[in-house]
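Okay, structure first, notes after.
The values are calculated or read from the model by the stated rules, or taken from the named source; none is laboratory data. Bear in mind the structure is a predicted one, so any value in this text is a computation, not a measurement. Positions of Cβ are generated from backbone atoms using ideal geometry, with glycine treated the same way; all protein chains shown enter the neighbour counts. Note: accessible area is taken over every heavy atom of the protein model, side chains too, but ligands, DNA and RNA are not part of it. Shrake-Rupley method; radii C 1.70, N 1.55, O 1.52, S 1.80 Å.
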Amino acid sequence: MKEGKTLADTKDAAETGLVFHPMDQFQVKPLFGDGPIGVFTVTNVTLWMALTVLVIVLLMVVGARGRNIVPTRMQSIAELAYGFVYKMVEDVTGKDGLVYFPYIMTLFMFIVVANFLGLLPMAFTTTSHIAVTAVMAMAVFLAVTILGFVKNGLGFLSVFWISSAPLVLRPILALIEVISYFVRPVSHSIRLAGNMMAGHAVIKVFAAFAAVTLIAPASILAITAMYALETLVSFIQAYVFAILTCVYLRDALHPHH
Amino acid sequence: MATDTSGAAKAAESAGMPQLDFSTFPNQMFWLVVTLVIIYFVLSRIALPRIGGALSDRANAITGDLAAAEALKQKAQDAEAAYEKALVDARAEAQSISAKMKAEIQEQLDAELAKADAEISAKAVEAQAKVAEIRDNATASVKTVAKDVAKELVAVMGGKADAKSLTAAINARMKG
């Protein structure tokens, strides 16, 4: 009841001026009609993921179409992204990790493009949803765990047994390692979703303040600054997600420290 | 108020975090999987081989160009060496030719000089002979003239000079 009352209050406030709806931008809504959201309902999630696919196709397929010796601008960006992720996989995971390069590239491109698209005004940020990031993090976690056991058999368990530590400490460390191993997907997914959500919500809060004439300039300055920071965060979070995936992959391929 | 419960619940949802609205999870997961599968196939089938190919093409082109440049540089160095060698050869040949010419000229000059010397000495001998002859002739004329003058003088003085003693006297006088 109480929430209902507050909502009504804020609705009233909307008419008077200052009102905060920082979380409204994250609502999943059906694109057509107003029915319940089923599994296959076409929602704003569908729209923005489709736009993500479109941007990736435009950049990586259409942009890199020429295969020129001297690249065009779009081709340069595509090659930069390719080289960036390729080198990251090679450096972190090693040569034998390059087989998994397309998977990591898929994750990286999806996250970085979705993050940047989410920065557009009125956009819906798919990566700000824990449902999205958790699926990716769990996929990475399961894939890496299965791969570890397939490649190394039970030897994969040595990832928890730190042979360089003193023998007395090893069981305790093993316990910590096991816990940290299972926390990985949680931190992996919440880091991305949390960063995206927080940044967008903060921008929205500042935007609400812009309605008040007196503090509008400061608010707009703050939005600009936050926007710049969010642009950086969008890239960094995609990078962090990808590099952590590489690190987990390395553990699976080479469990012996 | 009781009829308001569903509205209130909905309000609570919208006031809270849409991220924790589990009713939208299956939808999001479904579309995420569709999206990731599409991206994966687009990237692994089309984009990544193409970009990787372009990158390796470029690397090959660069290494090829560098090798070609190295070969051309080597060629230029060879050409320069050949040019230097030709220059040295030409200079040596020129020097030998000029030495030969000098020797030839010297030889010719020596021959001409010898010839000229011989001619000059022959002419000198001839001239000396002529001078001697002239001098002899002159001496003889002087003797004749002296003999005649002496004979006349002796005759004028009333003496009689025989030719023999006169000649002896003149010869003795001409020697002194």
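At 20 °C and 1.002 mPa s, what whole-number value in µm²/s does Stokes-Einstein give for the translational diffusion of the range A:2-253, with Rh from the Kirkwood sum over Cα pairs?
Numbers: Rh = 21.0 Å.
The estimated diffusion coefficient comes to 102 µm²/s.
Candidate membrane-span-like segments in chain A, meaning DSSP H helices with Cα atoms spread over at least 15 Å of their own axis and a Kyte-Doolittle mean of 0.5 or above, are A:44-56, A:101-118, A:130-152, A:170-209, A:216-253, with no membrane implied. Once C-alpha pairs closer than 8 Å and six or more residues apart are averaged by separation and normalised to the residue number of chain A, the relative contact order reads 26 percent.
Surface composition of the range A:2-253: carbon plus sulfur atoms hold 75% of the accessible area, using a 1.4 angstrom probe and ignoring ligands, DNA and RNA.
Across peptide A:37-43, the mean count of Cβ atoms from other chains lying within 10 Å of each residue's own Cβ comes to 5.
Computed from the C-beta positions of B:Val145 and B:Val125, the FRET efficiency with R₀ = 30 Å rounds to 0.50. Legend: Rg and Dmax of the range B:94-176, from Cα coordinates, 28.3, 94 Å.
Just tell me how shielded A:110-122 is by partners: mean number of partner chain Cβ atoms within 10 Å of each residue's Cβ, no decimals.
On the way: counts 7, 0, 0, 1, 2, 0, 0, 0, 0, 0, 0, 0, 0.
Taking all residues of A:110-122 together, the mean is 1.
Using only Cα atoms, locate the centre of the range A:83-113 and the centre of the range A:200-248, then give the distance between them in Å, rounded to an integer. The range A:83-113 and the range A:200-248 have Cα centres separated by 26 Å. Compute log10 of I(q)/I(0) for the range A:51-158 with the Debye formula, placing one identical point scatterer on every Cα and leaving out solvent, at q = 0.22 Å⁻¹, to two decimals. For the range A:51-158 at q = 0.22 Å⁻¹, log10 I(q)/I(0) is -1.24.
For the range B:13-130, what is the accessible area per residue in Å² when the probe is 1.4 Å? Please list the in-between numbers first.
Values: 8370 Å² over 118 residues.
Per-residue value: 71 Å².
Accessible surface of A:Tyr86, taken over heavy atoms with a 1.4 Å probe and every protein chain present, rounds to 80 Å². All C-alpha to C-alpha distances of the range B:24-175, sorted into 10 Å bins beginning at zero, yield P(r) values of 8, 11, 8, 8, 7, 7, 6, 6, 6, 5, 5, 4, 4, 4, 3, 3, 2, 2, 1, 0 percent in whole numbers.
Placing dummy labels 7 Å off each Cα toward the beta-carbon, the span from B:Val37 to B:Ala161 is 17.1 nm.
Along each principal axis, taking the top coordinate minus the bottom one, the Cα set of the range B:57-102 gives 66, 6, 5 Å in descending order. With the convex hull drawn around the C-alpha atoms of the range A:108-186, the volume per residue stands at 115 Å³.
For the range A:2-253, the per residue solvent-accessible surface stands at 50 Å², with DNA, RNA and ligands left out and a 1.4 Å probe.
Over its Cα atoms, what ratio of radius of gyration to 2.2 N^0.38 Å does the range A:176-257 give?
Taking N as the residue count of the range A:176-257, the ratio is 1.57.
Taking amide H as placed 1.01 Å from N in the peptide plane, the amide H of A:Thr43 sits under 5 Å from that of A:Leu31, each at least 5 places away or on another chain.
Using mean Cβ contacts within 10 Å as the protection proxy, how do B:47-58, A:45-56 order, highest first?
Details: B:47-58: 17.4, A:45-56: 20.1.
By packing density, highest mean first, the sequence is A:45-56, B:47-58.
Taking the helices alone, the protein assembly as shown has a mean residue ellipticity at 222 nm of -26500 deg cm²/dmol, built from -39,500 (n - 2.57) per DSSP H run of at least 4 residues and averaged over all its residues. Beyond 24 Å in Cα-Cα separation lie the following of the pairs B:Lys102/B:Lys123; B:Lys130/B:Lys175; B:Lys123/B:Lys175: B:Lys102/B:Lys123; B:Lys123/B:Lys175. For the interface of A with B, what's the total buried accessible surface in square angstrom, probe 1.4 angstrom, rounded to the nearest hundred? Its buried surface, counting both partners, is about 4100 Å².
Note on the range B:61-176: with charges restricted to the Cβ of Lys and Arg (+1) and Asp and Glu (-1), its dipole about the Cα centre is near 1560 debye. Computed with every protein chain present, the accessible area of A:Met74 is close to 90 Å² [probe 1.4 Å]. Element breakdown for the range B:24-175 at a 1.4 angstrom probe: carbon and sulfur atoms account for 64% of the accessible area. With the convex hull drawn over the C-alpha atoms of the protein assembly as shown, the volume per residue is 456 Å³. Annotation for the range A:59-151: trypsin sites (Lys or Arg not before Pro) lying in DSSP loop with at most 16 further Cβ atoms inside 10 Å of their Cβ are A:Arg65, A:Arg67. Shown is the FRET efficiency for B:Ser23 and A:Ile69, computed with R0 = 56 Å from the Cβ-Cβ distance and rounded to the nearest 0.05: 0.60.
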